[in-house]
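Below is one structure; the comments refer to it alone.
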Amino acid sequence: MQLEGKVALITGGGTGIGEGVARRFVEEGAKVVISGRRQEPLDKVAASLPAGSVAVFCGDVTEEGNADKMIQAALEFNGRLDVLVNNAAIEYNKSVADMEPDKWRQMLEVNLTGPFLMMKAAIPKMIAGGGGSIINVSSVGGVVAMPSGPAYCTTKAALIHLTKQVALDYGKDKVRCNVVCPGPIRTTMLESNFTAMAEVLNTDLDGVFERMATHVPIRRIAQPADIAGL
């Protein structure tokens, strides 16, 4: 119960890492607001957790005004906002010469502008409440380049630096800002990206993940619950 009495807002909380974080936070005693673009996954997660522990907000982090509405939903849920997890992200893999400009802009909007808008809305409320913790979910792709990932890697690298900037500016106000950079995690988004790779390698998804695991120090692909521990 390390988070008893705390209120957290998790973007992209209906699937993958966001869902794993939401479950762990509830186990640790927090009240949690999960947001996402699709209602059904959010409702499914909320229904699977103890009644009264989770509220949902269906909305896109890139749409103007939604950040303020999400923060307000957290404040209305239990009177405060202690934790913001910027987890919502998309991935679209094409090299620079083949990348459609609208896809580039979409990646920037979701993966970088979205967290910026969420932090902009959350920080004043956290300061007013005596402090808080912001956790941005970047990627190993923000540290090293990956084939056909210019937009994804660029946005994730920028998010790491934005995290450092926010930590520098608001640490004095008792608002901490940290970044988590996962490697390959078994999520529906990664499975979708690996489907084409499976065809090229003439194997199934499990075969692709087995090969990927050989490049991971602990020799296994992590699960969302592993990242939730961080």
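The values are calculated or read from the model by the stated rules, or taken from the named source; none is laboratory data. The structure displayed is predicted, hence computed values, not measured ones. FYI the Cβ positions are ideal-geometry reconstructions off the backbone, even for glycines, and counts take in every protein chain you see. Accessible surface areas use protein heavy atoms only, side chains included; no ligands, DNA or RNA. Shrake-Rupley method; radii C 1.70, N 1.55, O 1.52, S 1.80 Å.
There is at least one residue in the stretch 147-168 that is at pLDDT below 95 and on the phi > 0 side of the Ramachandran plot. For residue 89, the criteria (1) open to solvent by less than 50 Å² (accessible area, probe 1.4 Å); (2) in contact (Cβ under 8 Å) with a residue 40 or more places away in the chain; (3) not in a loop (DSSP other than H, G, I, E, B) hold in every case but one, which is (3). Flag: residue 32 does not match the condition of being part of a helix (DSSP H, G or I) and touching a residue at least 24 places away in the same chain (Cβ under 8 Å). The test for being out of contact with any Cys (no Cβ under 7 Å at 6 or more places or on another chain) and of a type in the set (Val, Ile, Thr) does not hold for residue 140. When 116, 77 are screened for being under 23 Å from residue 57 (Cα atoms), of a type in the set (Phe, Trp, Tyr), open to solvent by 50 Å² or more (accessible area, probe 1.4 Å) and without any contact (Cβ under 8 Å) to a residue 60 or more places away in the chain, only 116 passes.
Residues checked against (1) within 25 Å of residue 222 (Cα to Cα); (2) outside any helix (DSSP H, G or I); (3) open to solvent by less than 20 Å² (accessible area, probe 1.4 Å); (4) free of Cβ contacts under 8 Å to residues at least 12 places away in the same chain:
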residue: 2; (1), (2), (3), (4): yes, yes, no, no
residue: 5; (1), (2), (3), (4): no, yes, no, no
residue: 18; (1), (2), (3), (4): yes, no, yes, no
residue: 44; (1), (2), (3), (4): yes, no, no, no
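Suppose we filter 51, 55 for residues that are part of a strand (DSSP E or B) and surrounded by fewer than 21 Cβ atoms within 10 Å (Cβ to Cβ); which single one remains? Residue meeting the stated conditions: 55. Residues considered: 3, 49, 84. Of these, the only one that is at pLDDT 95 or above and under 15 Å from the mean Cα position of the chain (by Cα) is 84.
Being among the β-branched types (Val, Ile, Thr), surrounded by 15 or more Cβ atoms within 10 Å (Cβ to Cβ) and more than 28 Å from residue 82 (Cβ to Cβ) is a condition met by at least one residue of the stretch 153-160. Here the stretch 119-152 is the region considered, the condition is being among the hydrophobic types (A, V, I, L, M, F, W, C) and more than 24 Å from residue 25 (Cα to Cα), and the residue that is least open to solvent (accessible area, probe 1.4 Å) is 151.
Residue count for the stretch 191-222 satisfying the condition of being in contact (Cβ under 8 Å) with a residue 40 or more places away in the chain and open to solvent by 30 Å² or more (accessible area, probe 1.4 Å): 1.
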